[in-house]
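K.L.:
Structure incoming, see below.
The values are calculated or read from the model by the stated rules, or taken from the named source; none is laboratory data. All values reported here derive from a predicted model rather than from experimental measurement. Backbone-built Cβ (ideal geometry, glycine too); neighbour counts: all protein chains shown. Side chains included, ligands, DNA and RNA excluded: accessible areas come from the protein's heavy atoms. Shrake-Rupley method; radii C 1.70, N 1.55, O 1.52, S 1.80 Å.
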Amino acid sequence: MTGTEGSVSKEVPVVFHGEPGGGLAVAFWATLKRDLVLLLRRRSEVMNPLVFFAIVITLFPIGISPDPQLLTAIAPGLLWVAALLAALLSLDSLFRADYDDGSLEQLLLTPQPLAVLALAKVAVHWLLTGLPLALMAPLLGVMLALPAGSYGVLAVSLALGSASLSLIGAIGAALTVGLSRGGVLLSLLVLPLYIPVLIFGAGAVQAAIFGDGVMAHLAILGALLALALILAPLAIAASLRISING
Amino acid sequence: MWAFINKLRSPKWFYAISARLQPWFWAAALILIVIGSVWGLAFAPADYQQGNSFRIIYVHVPAAFLAQSIFVSMAIAGVVFMVWKIKIADMAAAMMAPLGAAMTFIALFSGAVWGVPTWGTWWMWDARLTSMLILLFLYLGVIALRGAFTSRDSASRAASVLAMVGVINIPIIKYSVDWWYTLHQPASFTITGRAAMPLEMWAPLLIMVLGFYCFFIALTLMRTRSEILRRESNKRWVRDLAGGER
């Protein structure tokens, strides 16, 4: 490893309190903290999906029409698709650095279940990609002439939905991390699986615009998240094992 | 049960038994498809609303059935491969995937052709068409992922995991697309509306479906046999076979 970034990441201390085996919670928080620290040191990488989101949203009025009425009609779908693509953009690097410098192998060797540690990594991805995207979306909603009452729903649906997106996407990221050019393949694998989240996420915003009840949509987004929280970590762990051993 | 599973571990045994089964399935497929197509295309009464264009269901419905069944079979084979490490299950899964993608494409294409006289357009964002399209993307993802790995064992396990993830998602995608479709467009025409089909129309359809299944089994057996020879080409029994036939 000759790159300076690799040596920086090795210096981050992973401190296990208590006995060497460590508790599950300790390992979870240690992984979470380590990844947060590492990512916050590379701020540009955190910023990139947000900038991408803003640029893509800018392209649509230019490409289609600046007519506010038309933009209102397509805004929920546009915001959701653009946020989804922005989150996808950052997925490829989710396990990449750890795979390259070998810390992923150390993660596999820890006595704690890999699924829980992988969940910590996904949580960091959501905290630094999904959540900022959700907070930024209302701002771009203003630019797309989204009606006033729907901003809260937009942010909440994106925050809930992007957590599912991170979990599902992490399966694809774990499957392709061992491949040299996994980026395009990753989107091929993951995008079809994103469709339910997109339907209910954009549906919630649409319902808010029309004044229908949004709770049904948000409840289903929550249900999808609950299902993904249970099943996805297992698939991520299995996929990471395949990528490391293969 | 266990004896059978243990026997499946031996490619040689499978090669021998499939040689005996294969001609039966080919014969059944040929007879059923010939009877079904002649009956369905020439003798079944024309639909009072759609005229003769309804006859496309004799290709469309069996292909759509197979498209979904093959994905499920692929996932089951993936589970069998991951749990019991039975290589034949993976070989069969690898051989099924292109056939499944082809069947999905046939179902989509025949649906589009049927749409021209019925809906007056090649494509409508009908719930069924949309979920079939997503199924095609899932197939392409599994095929692409398998092709991306250089190590065969990693490719097999990665494709198995993706097939399992996909099969959990298929019902979710299907129901969310149904929901999306009812939200966005009034149901102008549903295929379930014609469920009350008279026997003369329905019987050839059943024969065609059975014929397509036999064709799928026969083709998978044949392709798995050649895959066994390819993967086991350095084993003694394969060499003996090749030497004996020369």
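K.L.:
Of the residues A:240, A:154, A:193, only one is crowded, with 23+ Cβ neighbours inside 10 Å, closer than 20 Å to residue A:72 by Cα and under 19 Å from the mean Cα position of the chain (by Cα); which?
P.N.:
After ruling out the rest, the residue left standing is A:154.
K.L.:
Taking helices (runs of 4 or more DSSP H) that do not extend beyond segment A:74-154, which have at least 2 residues that are among the β-branched types (Val, Ile, Thr) and in contact (Cβ under 8 Å) with a residue 24 or more places away in the chain?
P.N.:
A:114-125
K.L.:
If residue A:106 satisfies all but one of (1) more than 24 Å from residue A:148 (Cα to Cα); (2) within 19 Å of the chain's Cα centre (by Cα); (3) open to solvent by 60 Å² or more (accessible area, probe 1.4 Å), what's the number of the condition it fails?
P.N.:
Evaluating residue A:106 over (1) more than 24 Å from residue A:148 (Cα to Cα); (2) within 19 Å of the chain's Cα centre (by Cα); (3) open to solvent by 60 Å² or more (accessible area, probe 1.4 Å) leaves (2) as the failure.
K.L.:
Here are the criteria: (1) at pLDDT below 90; (2) surrounded by 15 or more Cβ atoms within 10 Å (Cβ to Cβ). Tell me which single one residue B:211 does not satisfy.
P.N.:
Looking at each condition in turn, residue B:211 falls short on (1).
K.L.:
Kindly list, by first and then second residue, each pair from a residue in segment A:181-197 that is under 20 Å from residue B:170 (Cβ atoms) and more than 8 Å from chain B (Cβ to nearest Cβ) to a residue that is among the acidic types (Asp, Glu) and in a helix (DSSP H, G or I), limited to pairs with Cβ atoms under 6 Å and residues at least 6 apart or on different chains.
P.N.:
If the second residue must be among the acidic types (Asp, Glu) and in a helix (DSSP H, G or I), no pairs are left.
K.L.:
I'd like the residue in segment B:227-243 that is within 11 Å of residue B:11 (Cα to Cα) and part of a helix (DSSP H, G or I) and, out of all such residues, is nearest to the chain's Cα centre (by Cα).
P.N.:
For segment B:227-243, the residue satisfying everything is B:227.
K.L.:
Further question: Could you check residue A:9 against (1) in contact with an Asp or Glu (Cβ under 9 Å, 6 or more places away or on another chain); (2) of a type in the set (Gly, Ala, Ser); (3) at pLDDT below 85; (4) surrounded by fewer than 19 Cβ atoms within 10 Å (Cβ to Cβ) and say which number it fails?
P.N.:
(4)
K.L.:
Separate question: Looking at (1) free of Cβ contacts under 8 Å to residues at least 40 places away in the same chain; (2) within 9 Å of chain A (Cβ to nearest Cβ), can you tell me which one residue B:164 breaks?
P.N.:
(1)
K.L.:
While we're here: Name, by its number, the condition in (1) among the β-branched types (Val, Ile, Thr); (2) more than 21 Å from residue A:88 (Cα to Cα); (3) more than 10 Å from chain B (Cβ to nearest Cβ) that does not hold for residue A:156.
P.N.:
So residue A:156 meets the others, but not (2).
K.L.:
With the structure loaded, tell me whether residue B:72 is farther than 23 Å from residue B:208 by Cβ, within 20 Å of the chain's Cα centre (by Cα) and at pLDDT 90 or above or whether it fails that test.
P.N.:
no
Yes/no per residue for (1) within 14 Å of another protein chain (Cβ to nearest Cβ); (2) on the phi > 0 side of the Ramachandran plot; (3) surrounded by 20 or more Cβ atoms within 10 Å (Cβ to Cβ):
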| residue | (1), (2), (3) |
| --- | --- |
| B:65 | no, no, no |
| B:69 | no, no, no |
| B:79 | yes, no, no |
| B:92 | no, no, yes |
| B:113 | no, no, no |
| B:123 | no, no, no |
| B:127 | yes, no, yes |
| B:141 | yes, no, yes |
| B:151 | yes, no, no |
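K.L.:
Between B:37, B:18, B:53, which is open to solvent by less than 50 Å² (accessible area, probe 1.4 Å) and out of contact with any Pro (no Cβ under 9 Å at 6 or more places or on another chain)?
P.N.:
That would be B:18, the only listed residue that is open to solvent by less than 50 Å² (accessible area, probe 1.4 Å) and out of contact with any Pro (no Cβ under 9 Å at 6 or more places or on another chain).
K.L.:
Out of the residues in segment A:211-222 that are at the interface with chain B (Cβ under 10 Å from one of its Cβ atoms) and surrounded by fewer than 24 Cβ atoms within 10 Å (Cβ to Cβ), state the one that is modelled with the lowest pLDDT.
P.N.:
Once the filter is applied, the top-ranked residue is A:212.
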